[in-house]
Structure formats: C-alpha cells, structure tokens
Amino acid sequence: MKNRITFALMSFLLLGFTIMHAQQRECSTMENLEYRKQIDPSLQKRMNDIEAFTQAKIQQMEGKSISGGIITIPVVVHVIYSNSNENISDAQILSQIQVLNDDFRRMNSDADNTWSQAADTQIQFCMATVDPNGNSTNGITRKSSSTTSWGTNDAMKKSSQGGVDPWDTSQYLNMWVCNIGGGILGYAQFPGGSAATDGVVMGPQYFGSKDGGSGFYLSAPFDLGRTTTHEVGHFLNLRHIWGDGNCNADDFVTDTPTSDAANYGCAVGHVSCSSVDMVQNYMDYSDDSCMNLFTQGQTNRMRAVLLPGGVRASLGASTKCEGGGTTPTCTDGIQNGDETGVDCGGSSCAPCQTGCSDNQVNVSITFDNYPEETAWTLTNSNNQTVASGSYSSANPDGSTISEDLCLPDDCYTFTITDAYGDGICCSYGNGSYSVTDASGSLASGGSFTSSEATNFCLGGSSAPTCTDGIQNGDETGVDCGGSSCAPCVTPPTCTDGIQNGDETGVDCGGSSCAPCSTGGNDVLLEGYFESGWDGWSDGGSDCARYSGSRSYEGNYSIRLRDNSGTGSAMTSPTLDLRSYNQVEVEFYFYAYSMENGEDFWLRYYNGSSWTTVATYARGTNFNNNTFYTATVTLDASQYNFASNSQFRFQCDASNNADYVYMDQITITGLGNGTRIETNTLQPLRTMNEDTPNSEEEFLMYPNPVKGGTLYIKTLSKENVSYRVISMLGQTVITGKTTKEINVAKLEPGMYFLEINDGEDIMTRKFIKQ
C-alpha cells in the first residue's frame, strides 16, 4: 500500500483499541479513543513519535535479511471466569500459544503460495516460567468473579475493579481471557498506551484452537485461534489491512494491496481499489479458517517495535521464559543460558556472537509510591524517540527496574516525567533514576516536578580533559575539567577547604584527621526538607514528609502525629559531638488540632541511651495554628557528647489526629569561646484555618474528572477506606485504595470524597463531568 503517513488520521488509527464482534468482525474504537485522549493528553505525541521511528527503522530494514534473529515474547494469561465454561483448561490455553507460534513463524498447516510476500516474522511466544517476584510459574493466573460481562473499559485489567492487574508489561505480554460481552471477540492496545492497561483481551470462546485438543469451549467460525493472532498483530503495531477507511486510507505497509473495507467470511478473490484484496491476511476480518499470512512489510513493522530502540524493546529482550522447558540447544530458536547474542545456546555453543556492537546503555529506575505516574523517553539528535518506558500499579512501590539499550553513536536526550508533577522523590517514596554506560553516569536524579531532561553524547568523544567543558568521571566541582579547575582531582586533605569523607566539622578531612577540633562554630545538620529528608529518618506510620501551608519555609516540612512511639518520631543521622562544648538545636514548628496538655519532645541519644531534653505542651508552651521558633542548647558538662550522638523529635498526643509540623531544623556545634545559657521559644505568626484538615492530608486529581479514574495520594502508608457521597448524602461508591478510584459510572455532577486512614476522616469535593 502507498506508504503515506497522515498524522491527523492517526488520531483514529493509532490510539485506543481494536474491537471485534462475533458473527462478523467489526471495529468500534472511537468511544475508547476519546476516553484515553481525555485521561492521557500526551498519548498522541508518543504515538506520533513511535510511528516516525517505525518508518525510519523500516527503511533501514528494506532489502536486507531479518536482523536480530528470533525474538521470543513471554506470555502470561489471566483467566477471569464467572462459570465453569469460561474457566478454560490449560490445554486450551496452550493450543492458543501453539497457534501464535505457527502463525507468526509461518509454520501454519494452511499456509499457501497465493501471496509471494508472505513471511516468517521470526517472532515466537512462550508461556512465562518466572513471575515478577522471581517465582516459578506456568504463566497462567485464574480468578473467579461474579462479573458476567466486562465490556471494553479495561476493568478486567484492574484488581481495584475486580479484575487482575498486569504483570510487568515491559517483560510480559499480558493476555486477559474473560467474557467481554456484546458479542465482542477481543481487543488490543497499540504501542504507546498506558502500561497499566497494556496487552490483549479475548473472549474465552475465541481463545485457542479446536485442532489442539478436545472438550474446548470454542465458538465457530472463530475457533482456530486467529482472533488472538489478529489482536497480537495490533499489539505489535499493525493496522487493519484496509486502513480503516476507503481506497485513500493506508495501513502504513507497502506490500499489502489497497482495500476499501473489511472482508468477512472468506471472500477470496474479492476486488476493490483496482486490485485483489488480501483476504487471507490475519489483519482482515475474515473467518479463522480463511486467514493464513503476515507479509514481509508487516513483519518489518512488528519487529521495529521489538528491536533495540523500539518502544517494546524490553519485551523483545525479556528472559521471563528462561529457567524452564527443555535443555537449551544451539538450534532451539530461543536465547538460553549464558550466551551472548541471539540463540547462541549457552556456553556449549562457543564461539558466540556478541550482543551489542554499539554503545551499551543502562536505564535504571527506582519507583516512588506511584509507579504508574512515571514514564521516560530517549530521543536522538533528530528528535526521534528511540526508546521509552511507562509503568503501572503492577510495579511494586519502591521496586527497581533496569533496562539495557544498545544505541549507535549519536547525541541523545533522556527525559523522565511524572504525571502528577511532584517527581519521584521524595514526597511519596524515595525514588531515583540513573542512565549509565561503561564510562559512568550519563543522567541521574529523582527530585523534579513534571519532567527533567538530560543531554549526552555517545561515541567519538575523547577522554575527559581539564578543558572539555564537560563534567566527566569523578572530578569535583563544576566540570573539574574546565580551564578553571586545576588540579583536576586531588585527594582529600585536612587543609583543602573541602568537607571530604566522614569528617566531623568543616574540612576535617575524614577519619584520618580525628579528633577534629576547629575551636569555632560548625553547622552539623540542616533540614529544610524541600528535596527529601535531609538526613533525618522516617519513624513510621505516624511520620511523613508533608507539602502544604503548614510548612514554615518553602513547601515541605515533616509532619508528626499522635503517640505511636518512634512511629510518631523523626530521627537525625549520627553526629560526632566530641569536639564541642555545646550543641544548639534550632527549629520551627506549627501545631494543628493538639488538645490542651498534649505535647511533643526533643530527645537526645548520648551513645548508649535516649534522654528527653525539652518538652513542649499545648496550652503551656504553644497554641494551635501558630508558627513558633525554638532553640535548645545542650552543654558538655551535662550531657555526654559521643561520636554517634543523635537527636529525635517525637509527638506524644492522643490517637485522634493531632499534628505538629517540623521545619528548618539546624543543629550547630559550638566550640571554644561561645556559650549559650538558655533555651528560647518565640511565637511568629498565626494562620486562620477555616478549611478542614483534609486538604492538607490527601491530594486528589484530576478535578473535574473527565474520564473514569480519580487518583488520590495520601500520607498514610497503608490502604485507606473511602466513600463517594452524592449531594443528597447517599453513599454511591465504597472501597479501599491508596491509588485510584473508578468513577466512570457516576452521573455528571458534584460529589464528596471521604477518606478514612484509620485515624482521620477527611473530605473534599470533586466534580464528575
């Protein structure tokens, strides 16, 4: 077909899902497309970038033999059933995997020579042998459900809606088998969509082949497994053979004849657009028994997304089939053992070809508590996306993913994004990312807002110098490598003016300079909490990093509440106080909802035990809704100043939502000649809080809600219960979550969201459009 890309048309072709109806296959994507565009405004650009990369990759492949060898994709099948028929057997599932392998490898018994461009895609499939936690698996999960018809809104892909969350979609092709309803056979998600819904969905009566066994739950004429072949084609970036339009439409493949509409049944020989239609192609709407080929052009298109640089490259390189099956061989078509390259077969197949002949680059991401908000792209000097990643709630909070890329010499931009706009560190977890190659770090971070971009170049560059203007290797300073940085890197000393190693005080030079005594005043620890905990540690369930108006400076502070012991406390790192006469702790705080007599403490650890050194009680020392500054001075004549001293702020209120917010904490060591005799406490300003505590204690977005999902963030570290209440006071939705709430079925209007974390009940309004 004429290879003409019309990106305006792609809003129809590229986004959303392909849906097929029983009796005759039909496509109905627009409703789901509009929903996805509302909840993910950046989807269109990602799809455009993928298409541009795909076309460039296809041009590189044309006229050449298939590169990269055989690609094996691990599969996990989630069976969700409401009756025994829908709980299809393992044998029926395995018959479908056999069909996929036969169809994609052109080993299907009904292959013929009608179309010379028919091709072996050298893509194959295997049941996963390892689950995301590293445990052995047969690649099948099963779940009983009272839901008899799931529809096409992805509910089956979300445990919060009674379905099953996907396994890591960068490592597994997730297949959900359930009754979709409405006579729908199945649907698939094109590359570039959300990781939380990535995969294919098929009805149980259209999954598997009658030729693979007996007693299967199947429905003719779609009983040979070609529904799944068709949907996996979409998953790998293939369009319908007629381009979802008339003779002017395009499926972006050069060797498929132009057609003006779908073909049904088995209309072999049908002519449209002045040529014979490729009725036997898996991407038409023919009956199962009539389909038998993918073309070479379709092969190139699918492999473009699976090979290095493609949006599904991590899936194409996944090893989640290893550790099971037969003994590896040199000809089994699967990359086994410790080989490098494609199907080397392990050490018994030496010499083995190398894997990456270009630049090996690793992308590593440690998630915060909201992996589904994180995504990244890598673009080259032509602004083409060569690799990307997006994630879902199936990725465990705080877990780490690592992906290896093989990149040619070029200059690149790595961009990481957070959908909510608070980065991946440190409000809701301590996430981070790094991009590295053999020379070291290319990009790293974690504390940003909506996005952070880093530029770097690979290949052709000389070794780091003092005049290259680039921060390389282990230099200190800004481009210790620029003309102003000589000597470039010097070992730490006791007199270099830089605080190195584990010294105490200013430029002690490390442990080799102990004991360190400056005779002056040294700031030992400062905590503003704008980019993290600044060395302080999170005590537990009743301690959290907070963002809001109760912070004294900036946006962030540390919130303590109630009286759960160290769970209501924040603790400093160890400090060596041996060289000081006195130590001063200065801090700012704000109390909310503390009852008369309820208090919080400053405690000190002298190397062997904790002592309370200051107590602040509501009504005696402070009032609610007022900012205070306080100092506490410890003297060496009264306290043992040890090498492993610590400080701790601890709340001791009752368990009914009593809060104190700590900010701008400074610990200073006072040397010879400086003595402070008294502690201080001074009120600064009051704040009128007419709004309930809920606005500060949890976040929700978007508001108004245009799609079907309302996302929430809470400071609680455990699941919270929630209610959605109508303006008439009726409870319309209930459940437990710390991530998202499905509000798709709500009528347009205003509602209240009530959050209960076991201690607080917090309420906010939202609008459903």
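The C-beta contact set for the stretch 88-99 (first residue touching a residue at least 24 places away in the same chain (Cβ under 8 Å) and more than 11 Å from PRO204 (Cα to Cα), second residue buried (at least 21 other Cβ atoms within 10 Å of the Cβ) and of a type in the set (D, E, K, R), distance under 9 angstrom, 6+ apart or interchain) comprises VAL99/ARG226. With respect to (1) in contact (Cβ under 8 Å) with a residue 60 or more places away in the chain; (2) in a loop (DSSP other than H, G, I, E, B), the lone exception for CYS651 is condition (2). Of all positions in the stretch 455-466, at least one carries a residue that is in contact with a Cys (Cβ under 8 Å, 6 or more places away or on another chain), of a type in the set (Phe, Trp, Tyr) and either assigned to a strand (DSSP E or B) or at pLDDT 90 or above (or both). Going through (1) over 25 Å from SER579 (Cβ atoms); (2) in contact with a strand residue (DSSP E or B) (Cβ under 9 Å, 6 or more places away or on another chain); (3) surrounded by fewer than 19 Cβ atoms within 10 Å (Cβ to Cβ) one by one, GLY619 falls short only on (2). Checked against the criteria, VAL99 counts as within 23 Å of ASP211 (Cα to Cα), outside any loop (DSSP other than H, G, I, E, B) and touching a helix residue (DSSP H, G or I) at 6+ places or on another chain (Cβ under 7 Å).
Check THR121 against each of (1) among the polar types (S, T, N, Q); (2) within 30 Å of PRO257 (Cβ to Cβ); (3) within 26 Å of the chain's Cα centre (by Cα) and name the one condition it does not meet. All conditions are met except number (3).
Say whether the condition of being touching a His at 6+ places or on another chain (Cβ under 8 Å) and either of a type in the set (Gly, Ala, Ser) or modelled with pLDDT under 90 (or both) is met by at least one residue in the stretch 176-183. Yes, the stretch 176-183 has at least one match.
Residue-wise test of (1) modelled with pLDDT under 90; (2) assigned to a strand (DSSP E or B); (3) surrounded by fewer than 17 Cβ atoms within 10 Å (Cβ to Cβ).
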residue: ARG559; (1), (2), (3): no, yes, no
residue: ASN563; (1), (2), (3): yes, no, no
residue: MET570; (1), (2), (3): no, yes, no
residue: TYR588; (1), (2), (3): no, yes, no
residue: ASN596; (1), (2), (3): no, no, yes
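Return only the number of the condition from (1) in contact with a Gly (Cβ under 8 Å, 6 or more places away or on another chain); (2) crowded, with 24+ Cβ neighbours inside 10 Å; (3) over 18 Å from GLY192 (Cα atoms) that ASP287 does not satisfy. That leaves (2) as the condition not met.
Rundown of residues vs (1) modelled with pLDDT of 95 or more; (2) outside any loop (DSSP other than H, G, I, E, B); (3) surrounded by 22 or more Cβ atoms within 10 Å (Cβ to Cβ), yes/no style:
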| residue | (1), (2), (3) |
| --- | --- |
| LEU185 | no, yes, yes |
| PHE216 | no, no, no |
| HIS234 | no, yes, no |
| ARG239 | no, no, yes |
| TRP242 | no, no, yes |
| ASN248 | no, no, no |
| THR256 | yes, no, yes |
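Mind checking whether some residue in the stretch 255-269 is within 15 Å of ALA118 (Cα to Cα) and touching a Cys at 6+ places or on another chain (Cβ under 9 Å)? Yes; the residues of the stretch 255-269 include at least one that is within 15 Å of ALA118 (Cα to Cα) and touching a Cys at 6+ places or on another chain (Cβ under 9 Å). Count of the stretch 189-213 residues, restricted to those that are among the polar types (S, T, N, Q) and assigned to a helix (DSSP H, G or I), is 2. Taking the stretch 603-657 as the range and being small (Gly, Ala, Ser), on the phi < 0 side of the Ramachandran plot and more than 40 Å from the chain's Cα centre (by Cα) as the test, the residues that pass are SER608, SER609, ALA614, ALA617, ALA630, ALA636, SER637, ALA642, SER643.
Annotation note: of THR686, THR668, the sole residue that is at pLDDT 80 or above, under 24 Å from TYR556 (Cα atoms), surrounded by 17 or more Cβ atoms within 10 Å (Cβ to Cβ) and of a type in the set (Ser, Thr, Tyr) is THR668.
Residues in the stretch 279-290 that are in contact with a Ser or Thr (Cβ under 7 Å, 6 or more places away or on another chain) and under 11 Å from ALA267 (Cα atoms): 2 in all.
The values are calculated or read from the model by the stated rules, or taken from the named source; none is laboratory data. Since the structure is predicted, the reported quantities are computational estimates derived from the model, not experimental observations. Neighbour counts are summed over all protein chains in view; Cβ atoms, including those assigned to glycine, are modelled from backbone coordinates with ideal geometry.
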